[in-house]
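Worksheet for the structure shown next.
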Amino acid sequence: QLVKVAKECVDEMNQDLTESQKLWDVTEGLQKFVSASKEILWAEMDANELDEGSKNQVKAVKALHKCVRWCSAFKAADKLSKDFVNTIPLITLLAAKCMRDRHWQMLKTVTKKDFVPPYEDKQLLLGGILALNLHEFTADVEEICDQAAKELKIETTLQQLTERWKGIE
């Protein structure tokens, strides 16, 4: 009976070790994914691919056994994966053609960080935008992008009206 208790303890420790190794493997995969994403040129970025990859990373973290969820390594991996997956929709919004210089200036003001916007730097890496920690400013970024989309619609309508009235006497 004394051996049974010790054996159960050893079995539990072996499971913890196995699950900890899985945690480190998932964390390493997540960090490689994020690092590789940071090296993508902004102009060549595929938001759908990033979104799919980031969702897969979140699933991998969530699939880890509950015995490792208490440790700081799990909490850090969980936070990183969630922050990254929450940033991708904001990246997609910022990649829209409606973003003008004034909108990027507004983004600089909101994030309180100075950066070179994509229209000025054709070699800008996605990491330059990810460094802004957009997930911390979700509502502001969405508002700026929504404003940009509405302004583009107004500009387009004004151009159409101008073209119509040119031919009318």
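For LEU125, the amide hydrogen comes within under 5 Å of the amide hydrogens of TRP42, counting only partners 5 or more places away or on other chains and with H modelled in the peptide plane.
Using the Karplus relation 6.51 cos²θ - 1.76 cosθ + 1.60 with θ = phi - 60°, the per-residue 3J(HN,Hα) values for segment 141-147 come to 5, 4, 5, 4, 5, 5, 4 Hz, with x marking Gly and Pro.
Over the chain, accessible surface divided per residue gives 66 Å², non-protein components excluded, 1.4 Å probe. To the nearest ten degrees, helix 47-62 and the longest principal axis of the Cα atoms of the chain are 20 degrees apart.
Structural descriptor for segment 101-168: relative contact order 33 percent, calculated from alpha carbon pairs under 8 angstrom and at least 6 residues apart. Averaged over residues, the count of other Cβ atoms within 10 Å places the peptides 127-133, 107-113 in the sequence 127-133, 107-113, highest first.
Sequence-distant contacts, meaning Cα pairs under 8 Å at least 6 residues apart, place the relative contact order of the chain at 28 percent. Both numbers refer to the Cα atoms of the chain; Rg and Dmax are 23.4, 103 Å. Among residues other than GLU19 with Cβ under 12 Å from its Cβ, the summed charge is 0 (Lys and Arg +1, Asp and Glu -1). Taking ILE91, ILE154, ILE144 in turn, the Gaussian network model of the chain (Cα-Cα springs below 10 Å) assigns the largest fluctuation to ILE154.
Note that segment 7-19 has calculated 3J(HN,Hα) couplings of 5, 4, 5, 5, 4, 5, 5, 5, 5, 4, 5, 4, 5 Hz, one per residue in order, obtained from phi through the Karplus relation 6.51 cos²θ - 1.76 cosθ + 1.60 (θ = phi - 60°); glycine and proline are x. The trypsin sites (Lys or Arg not before Pro) of segment 1-82 that meet both conditions, a loop assignment by DSSP and at most 15 other Cβ atoms within 10 Å of the site Cβ, are ARG69.
Taking only Cα atoms, what is the 0 to 90° angle, nearest 10, from helix 101-111's long axis to the longest principal axis of the chain? For 101-111 against the chain, the angle is about 30 degrees.
Computed from backbone phi, the HN-Hα couplings of segment 127-133 come to x, x, 7, 4, 5, 6, 6 Hz, rounded to whole numbers (Karplus: 6.51 cos²θ - 1.76 cosθ + 1.60, θ = phi - 60°; Gly and Pro given as x). Think of it as helices only: each DSSP H run of n ≥ 4 in the chain is worth -39500 (n - 2.57), and spread over all residues that comes to -24500 deg cm²/dmol at 222 nm.
The values are calculated or read from the model by the stated rules, or taken from the named source; none is laboratory data. Remember, it's a predicted structure, so these values are computed and weren't measured experimentally. Here Cβ is always computed from backbone atoms with ideal geometry, including for glycine, and neighbour counts include all displayed protein chains. With ligands, DNA and RNA removed, areas are computed over all heavy atoms of the protein, side chains included. Shrake-Rupley method; radii C 1.70, N 1.55, O 1.52, S 1.80 Å.
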